[in-house]
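A short worksheet on the structure shown next.
The values are calculated or read from the model by the stated rules, or taken from the named source; none is laboratory data. These figures come from a predicted structure and were not determined experimentally. Cβ: placed from backbone, ideal geometry, glycine included. Neighbour counts: every protein chain shown. The area values use the complete protein model at the heavy-atom level, side chains included, leaving out ligands, DNA and RNA. Shrake-Rupley method; radii C 1.70, N 1.55, O 1.52, S 1.80 Å.
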Amino acid sequence: MSDASRRYRDGLMVATPRPMARTFKPRHRRLGSQRSEVYERLAPMFGLTEAGPVLDLDVVFAGRRPICVEIGSGNGDLSSSYAQAHPGTGLVAIDVHRPGIARLLADIDTVGFTNLRVVEGDALDFLDRLPDASVDEVWAFFPDPWPKNAQAHRRLVTPERIARIARVLTSGGSLRLATDVATYAAQMRRVLADDSRFMSVNDERPSWRIETHFEREGRERGRAAVDLCATRR
Ligand SMILES: C[S@@+](CC[C@H](N)C(=O)[O-])C[C@H]1O[C@@H](n2cnc3c(N)ncnc32)[C@H](O)[C@@H]1O
């Protein structure tokens, strides 16, 4: 019984589905009053909810354009810089971490770009709101590595979770990953190679992938980043 827990009902043991473990550890940080004001004002305009009906991205971004999704946007450095440098692309940045979401909204407020939407919630649940083959690129840079054996099932890059991501990618679309944990890089390569929905995997680091605070900390501790880019069949 792999993904079910054992429960007793009317004296009989029955299998009930166990909710899938989350890939993140919830962190609760309060916003300062200024960030709070921006968050309250802009989240209704630029935020998409984690759950809800299937979205029409042409409506969300007021016209057809390439769509990218960043899973785990952290403090928002990359999504902010990418959205500003690529005004013709629609970018959806997703994280459970409210201060990072608020920081993106603050950038929208000060810089004035309109091609970014934020989701405060579980990216995997949000993906269920997207139509099949509707996204050109999905990025997950430095997903939480969950290093202990007992935590390995929480990693983002597992066959089941990659299937949820593959569903929304267009044919020829890219799944871009990066990690600075050697064992996780090996797992990423294995999962992608075993998934027939992807036709090729290369080690390309995109020129626009700026070094985030998180990556810099790893590099300063001697951990080099590995990039992987898988192309959807
Ligand atoms: C190690 S940080 C890296 C952040 C950023 N990508 C960077 O390179 O600086 C991983 C982030 O992924 C987020 N995360 C993990 N699983 C997630 C999920 N299922 N949905 C949304 N965010 C998630 C965490 O909250 C965390 O902010």
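A few notes on this one:
- Among V181, A85, A106 the positive-end extreme of the charge dipole of the chain (Cβ point charges): V181
- For the set H213, H153, H97, H28, solvent exposure ranked by accessible area (probe 1.4 Å, protein chains only) runs largest to smallest as H28, H153, H213, H97.
- As a rough guide to protection, the peptides 178-184, 188-194 ranked by mean Cβ packing within 10 Å, highest first, stand as 178-184, 188-194.
- List W146, W208, W139, ordered by accessible area with a 1.4 Å probe, largest first: W208, W146, W139
- In the complete set of protein chains, residue-level accessible area for R41 is approximately 100 Å², probe 1.4 angstrom.
- Share antiparallel - DSSP beta bridges, the chain, percent rounded to 5: 45 percent
- Cα gyration tensor shape for the chain, rounded if a/c is under 1.5, else prolate or oblate: rounded
- Summing charges over all other residues whose Cβ lies under 13 Å from the Cβ of R29, with Lys and Arg as +1 and Asp and Glu as -1, gives +4.
- Computed extension length for M20-S33: 1.2 nm, one decimal, from 0.36 nm per residue of separation with the Cα-Cα distance subtracted.
- Each Lys or Arg adds one and each Asp or Glu takes one away; over the other residues whose Cβ falls under 10 Å from the Cβ of G172, this sums to +1.
- Only Lys, Arg (+1) and Asp, Glu (-1) charged, at Cβ; the chain dipole about Cα centre in debye: 740 debye
- Based on Cα contacts under 8 Å between residues 6+ apart, the stretch 146-233 shows a relative contact order of 41 percent.
- Simple label model, 7 Å out from Cα along Cβ direction - E211 to A186, nm: 2.7 nm
- Scaled to the globular estimate 2.2 N^0.38 Å, the Cα spread of the stretch 111-223, given as radius of gyration, is 1.13.
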